[in-house]
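Any read-out appearing in this document is the output of simple, stated calculations on the displayed coordinates, not a laboratory observation. Model, not experiment: these values are computed from the prediction. Quick reminder, even Gly has a Cβ in these numbers, built from the backbone with ideal geometry, and neighbours come from all protein chains shown.
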Amino acid sequence: MPDAYLNELSVEKRTSLWQRSLTQPNPGTLILAENQKAITGFCFFGPTRDADGKDKRVGEILSLNVRPEFWRGGFGRALCDFVLREALRREWTAVTLWVLKGNERAFRFYEALGFSLDGTDRIETTLTGAPLHEVRYQRMFP
C-alpha cells in the first residue's frame with residue numbers, strides 16, 4: 001500500500017466506512033475471529049464482483065485481515081475455512097480473492113489452503129488512488 005494512503009488512515013475514517021458498510025444492504029457477510037480477550041481478525045466475503053464470474057456461482061473473499069500479533073495463530077485459517085464451508089453450502093463452484101502482486105506471505109498462506117493463481121491480474125486504483133497491481137487466486141469445487 002502507498003505510504004500516503006496508510007498515513008491518512010484513522011480510527012474515525014475507518015469507523016465511518018464500516019458503519020456505512022454494515023448498515024447498508026449488500027450481499028456480503030462479515031465474520032469475526034476472536035480469542036478470549038479481543039477480536040483477532042475478520043473476513044468479509046460474498047458473491048464475486050468480477051465480471052467473468054457474475055453469471056456463475058462464484059464467491060469472493062473481499063477482505064481478510066488478522067492483527068499482526070495473532071499471525072500464525074490459526075485465526076486466518078479458521079476464517080477461510082468458514083468461508084470455504086459456506087461456499088459449499090451456497091453451492092458456489094469457486095471462491096476467488098485478490099492479492100497484491102509480490103505479497104509472498106499471502107501467496108504461501110492461500111496456496112496452503114488450496115487456492116492457486118488463475119492467471120488474471122488487474123491494476124486497482126479505487127481504494128488508494130494509486131495503482132496497485134493485484135493477482136487473482138481461485139479455489140475450485142468439484
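Residue count for the stretch 113-125, restricted to those that are closer than 15 Å to residue 51 by Cβ and not basic (Lys, Arg): 4.
Could you grab me the full set of residues in the stretch 121-142 that are closer than 17 Å to residue 87 by Cα and in a loop (DSSP other than H, G, I, E, B)? Within the stretch 121-142, 141, 142 meet the criteria. Residues in the stretch 18-65 that are within 11 Å of the chain's Cα centre (by Cα) and of a type in the set (A, V, I, L, M): 30, 61, 62, 64. Residues in the stretch 77-111 that are over 13 Å from the mean Cα position of the chain (by Cα), under 14 Å from residue 65 (Cα atoms) and among the aliphatic types (A, V, I, L, M): 78 only.
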